[in-house]
Amino acid sequence: MDNPAERLAVVTGGTKGIGLSFSWRLVKSGYRVVALYRNDEVSARAAAEKIGDGFVAIRADVSDPRVAAEVSRAVLEDHGTPWALVNNAGRNIDKPFLDITDEDWRQVIDANLSGPFYLTRAFAPAMLAAGGGCVVTVGATTAIRPRLGGVNYCASKAGLLHMTKCLALELAPTIRVNCLIPGMIDTEEMRTRYRTAEPEHLASLLAEIPQGRIGSPDEMAAVLEFLLSDEARYITGQKLIVDGGQFMW
């Protein structure tokens with residue numbers, strides 16, 4: 001990667017979970033990182049203390065188109081044009097289909113699909129004018145294989161995957177756009193959702209993963225760094241699944 005210190009990355013949801021690993025990895029490899037977060041100020045402060053120089057956290061709910069436009073203008077004015085936009089932030093409100101309210105549907109679609117659209121639309125003109133850049137959306141395996149109790153989440157991630165491909169067509173050849181899809185990655189949310197501290201639950205999960213283990217956020221961040229690098233300059237419009245082989249079928 002040439003001149004990484006001159007490159008800016010904007011990472012949504014970049015203050016905790018996989019997003020924090022993204023921010024950490026990119027700063028350590030020379031990027032300046034602006035992390036956008038919705039409301040968890042405690043995690044944002046902790047991330048800033050952990051990462052230090054080269055990292056700034058800004059509170060912004062980019063599922064609101066006005067906020068997305070405002071924060072993008074502020075980033076462009078204060079930090080410059082991003083080389084990389086990582087649309088990582090997401091939300092789930094899991095319920096049986098017949099129990100999902102209009103608000104449950106709207107909040108998940110807005111966070112997971114509309115937010116990446118608004119933010120990419122806001123930054124793309126400056127990135128095109130600058131002559132290059134990358135957009136990475138962070139999808140989910142539920143875009144490929146559905147699950148019970150999450151029709152809003154599954155639909156949003158399936159839409160995000162197809163939107164990635166459309167953006168790759170429209171922004172080529174200047175901006176590359178790819179979708180990075182995590183499998184079972186060791187985050188607090190995954191440990192709670194899948195009860196991995198209980199041996200029987202962990203064993204049932206591992207039985208579905210050919211590599212026989214849970215992945216780490218650092219492994220996700222390593223793949224992100226590759227997708228943003230010049231070594232990946234001929235990769236666009238693709239989905240890259242990091243899952244230990246669980247969804248090869």
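The values are calculated or read from the model by the stated rules, or taken from the named source; none is laboratory data. Everything numeric here is computed off the predicted structure, so don't read it as measured data. The protein model used for the area step is the full one, side chains on, heavy atoms only, and it has no ligands, DNA or RNA in it. Shrake-Rupley method; radii C 1.70, N 1.55, O 1.52, S 1.80 Å.
In straight-distance terms, cross-link reach from residue 95 covers every one of the lysines whose alpha-carbon lies under 17 Å from its own, apart from those fewer than eight places away in the same chain; here that gives 157. Compared with the dominant Cα axis of the chain, that is its longest principal axis, helix 17-28 is turned about 30°. Across every direction, the projection of the convex hull enclosing the Cα atoms of the chain has a mean area of 13.3 nm².
Would you kindly calculate the translational diffusion coefficient of region 61-174, applying Stokes-Einstein with the Kirkwood radius from alpha carbon pairs, for 10 °C and a viscosity of 1.306 mPa s, and quote it in µm² s⁻¹ without decimals? So the translational diffusion coefficient is about 107 µm²/s.
The angle between the Cα long axis of helix 115-130 and the longest principal axis of the Cα atoms of the chain comes to about 30 degrees, rounded to the nearest 10. Taking each DSSP H run with n ≥ 4 as -39500 (n - 2.57) and averaging over every residue of the chain yields -13500 deg cm²/dmol at 222 nm. In the context of the full protein assembly, residue 11 retains an accessible surface of approximately 0 Å², using a probe radius of 1.4 Å and ignoring ligands and nucleic acids.
Ordered from largest to smallest accessible area (heavy atoms of protein chains, 1.4 Å probe), the residues 193, 121, 7 come out as 121, 193, 7. Counting only protein heavy atoms and a probe of 1.4 Å, the accessible surface of region 46-87 is 46% carbon and sulfur. In the chain, the longest principal axis of the Cα atoms and the axis of helix 217-228 are about 40 degrees apart.
With the whole protein complex present, residue 24 retains an accessible surface near 80 Å², based on a 1.4 Å probe.
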